[in-house]
Amino acid sequence: MGLADREKSSQERGYNVEYLQLLAHYGLEARTIHVASPNENGDVESSNGGIKRAAEQHLLLRGSRDFSSIAAYETFLFGLMDKRNAGRQAKLAEELAVMKALTVKPWPQMRELIVRVGQNGILRVGSNGYSVPSGLKGKRATVRLYEWHIEVWYANQCIESLPRLTGANHYHVNYRHVIDSLLRKPGGFRNYRYRDDLFPQQVFRQTWEALNGRFPPRKADLIYLQILKQAASGLESDVAQALTLLLADQDQNPWDEKIVAALARPLAPRIAPQLIPQVVNLSIYDQLFLTEAKHVCA
């Protein structure tokens, strides 16, 4: 909602800016009902309440509100809506028969915003923040805002594709974006505002807690940041596996980032696959020239 909408009194109903843009795109006019007058709700508003109540009931029958992915949750909702709309197909067919085709292009699936990246490497989109590579600090980037993800573009290249955050005052911080700056000032890690995002897996948090029990705070932070740097420079899974082995051995002497690096290093060097050289037959181009010459003469 825009600033003008926020300044309206409680007796006035403002419109979301994007909603007004949608209406203008299709040549529609917005209207509101009176405040505290639910009896004036239209079909859409009434159906919105109905689908919420139906979803609540089906979630209770399902026994869990957890879904493996957004796609799985959407499949659940679409199946629910298909059941609710099954008895309305005849009425819908009557309306579709007299509807005219749209003469305007479909509403775009994404919006583009020009956003300046802060000196802390955080790009703010709406009320949420996203970390981006440190090379973008202070620069203007193009953000393509989709329903479930955002894309960060700079110099006609897609730099990052990130899950879109919902709500307000949430942050998505990738440790690979900030690890170098934290290593230059390791003293700031302990009170870092987004420290929880610097534990990409549970084993990394357990590692930091174990280091805190064996070393002074500053040294424990520095060792952990160097371990995190190894994960950013190589394979996070290799480092996580090495940390799991070290944490499982309770009798082992205190270890540091050097031992982690030795365990995470592959036992055998990875050999690049042999490529078969491709031989180009230039005589094919000569045949093309001869064919063109015959065509011109004819």
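Here are PRO254, PRO277: which of them is assigned by TED's automatic domain parsing to the domain that holds PHE189 and either in contact with a Lys or Arg (Cβ under 7 Å, 6 or more places away or on another chain) or over 25 Å from TYR192 (Cβ atoms) (or both)? Steps first, answer last, please.
Details: PRO277 fails: assigned by TED's automatic domain parsing to the domain that holds PHE189.
Selected residue: PRO254, the only one of PRO254, PRO277 that is assigned by TED's automatic domain parsing to the domain that holds PHE189 and either in contact with a Lys or Arg (Cβ under 7 Å, 6 or more places away or on another chain) or over 25 Å from TYR192 (Cβ atoms) (or both).
Residue-level check: of (1) polar (S, T, N, Q); (2) closer than 25 Å to ASN48 by Cβ; (3) surrounded by 14 or more Cβ atoms within 10 Å (Cβ to Cβ), GLN109 misses just (3). Count of region 68-87 residues, restricted to those that are surrounded by 10 or more Cβ atoms within 10 Å (Cβ to Cβ) and not hydrophobic (A, V, I, L, M, F, W, C), is 7. When the test is whether a residue is under 30 Å from GLU74 (Cα atoms), of a type in the set (Asp, Glu) and surrounded by fewer than 13 Cβ atoms within 10 Å (Cβ to Cβ), GLU160 does not pass it.
Given ILE150, ILE114, ILE159, which one is touching a Pro at 6+ places or on another chain (Cβ under 9 Å), within 29 Å of TYR26 (Cβ to Cβ) and modelled with pLDDT of 90 or more? Please lay out each step first, then the result.
On the way: ILE114 fails: touching a Pro at 6+ places or on another chain (Cβ under 9 Å); ILE159 fails: within 29 Å of TYR26 (Cβ to Cβ).
None of the other options fit; the residue is ILE150.
A single entry from ARG176, ARG218 fulfils the requirement of being in a helix (DSSP H, G or I), surrounded by 15 or more Cβ atoms within 10 Å (Cβ to Cβ) and basic (Lys, Arg): ARG176. The set of residues from region 179-194 being surrounded by 11 or more Cβ atoms within 10 Å (Cβ to Cβ), over 22 Å from the mean Cα position of the chain (by Cα) and not in a loop (DSSP other than H, G, I, E, B) comprises ASP180, SER181, LEU182, LEU183, PRO186, GLY187, GLY188. Here the strands (runs of 3 or more DSSP E) wholly within region 53-162 that include at least 1 residues being closer than 30 Å to LEU23 by Cβ and touching a His at 6+ places or on another chain (Cβ under 8 Å) are 128-131.
The values are calculated or read from the model by the stated rules, or taken from the named source; none is laboratory data. Everything quoted here is computed from the prediction, not taken from an experiment. We place every Cβ from the backbone using ideal geometry, glycine too, and count neighbours over all the protein chains shown.
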